[in-house]
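Read the figures in this text as sums done on the coordinates, not as results from a lab. Since the model is a prediction, treat every value here as computed from it, not as a measurement. Every residue, glycine as well, gets a Cβ built from its backbone with ideal geometry; the counts of neighbours run over all protein chains shown.
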Amino acid sequence: MAKHIVCLSFDYDVTSWHMPDEDTELASVVEIEDGHVGAKNILKVLEKQEIPATWFISGFTIQMFPEICDAVILAGHEVGHSGWTHVAPAKLSRKKEEDLLIRANATIQKLSGQKALGYRSPAWDHSPHTLDLLLKYDFLYESSMMGTGYDPYRVRRGYVEDGIKMQKEGHDTRLIEIPIKWSQDDHTKVALPLLEPEPGQQPGVIDAWLDEFLYMQATSKWGIITYTCHPYVIGRGKRADILSRFVAQLKTRGATFMTMEDAAREYNARAPFAARADLSKAS
């Protein structure tokens, strides 16, 4: 039976964008209110449309602004891990990356009652240590890479390439990748271009995002499409209405809305992981 899953995800870390490093006090509050107002508007849209979503929230944001984060949990949404602040993992030592991973997860557990099972890198990239750490701390899935269109896959360990061609294929680990795309991110579709373009320019965000879903529907019997949004972008004013209208259109076309955790579990049931015997402990 055909099934086309939509995962709406919201990266809620606007506060830590303005921090000069991962440990210092807040450096600027330029867009903080935008983020908070946007988050509240998005929660209203999700409630109205009666759909679940996944919120990737930095540990610092949870610590500093617990009321809105509590509202996310009370509404039944998933909270995923997005670092302690908006610092690229590649800029951190292994010890620092691990310390901040643990610190943020402790904050998420205090908020929601459980550690995060999903991870999204603040910078949509990994350090050489990120995969090992996500496996060590039993994450189910991550969503920072773009290896496929609408098919989740197992993140590989030992993959090597020189910028031109693959040198070593590596092997699958149990960690599930739910891929993202720049064309499904509100920074590229909302914040940078015009929301309602002039005739002859690129299509509006609803048409562009809907086309991505319809393509998945036309080319696969089962798949997951992930839309990445930010409260201070999609949640403000007219933009929140655009989100609501987009969701309504997806509903009329048979979309199944899931949290990313539930989508990852469904993929896992469809394609169970079989570790290689000699690598099972490391996978």
Listing Lys3, Lys136 by rising number of other beta-carbon atoms within 10 angstrom, fewest first, gives Lys136, Lys3
What's the Kirkwood radius of segment 50-110 in Å, using all Cα pairs?
12.1 Å
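Can you tally the net charge around Gly80? Count Lys and Arg as +1, Asp and Glu as -1, for every other residue whose Cβ sits under 13 Å from the Cβ of Gly80. Could you put the intermediate results ahead of the total?
Values: positive: Lys115, Arg120; negative: Asp11, Asp13, Glu78, Glu142, Glu261, Asp262.
Charge balance near Gly80 sits at -4.
Among the listed pairs Lys115/Lys136; Lys3/Lys44; Lys96/Lys136; Lys44/Lys110; Lys44/Lys238; Lys95/Lys136, give every one whose C-alpha distance is greater than 21 Å. List each step's numbers first, then the result.
Working: Lys115/Lys136 13 Å; Lys3/Lys44 27 Å; Lys96/Lys136 15 Å; Lys44/Lys110 24 Å; Lys44/Lys238 14 Å; Lys95/Lys136 13 Å.
As for pairs spanning more than 21 Å Cα to Cα, those are Lys3/Lys44; Lys44/Lys110.
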Rg (Å, one decimal) plus Dmax (Å, integer) for the alpha carbons of segment 26-138?
14.4, 43
So if we plug the beta-carbon distance of Gln249 and Thr148 into 1/(1 + (r/R0)^6) with R0 = 22 Å, what FRET efficiency do we get, rounded to 0.05?
0.35
Kindly write out, for segment 63-73 in residue order, the coupling ³J(HN,Hα) from the Karplus curve 6.51 cos²θ - 1.76 cosθ + 1.60 (θ = phi - 60°), rounded to whole Hz, with x marking Gly and Pro.
5, 7, 9, x, 4, 5, 5, 4, 5, 4, 5
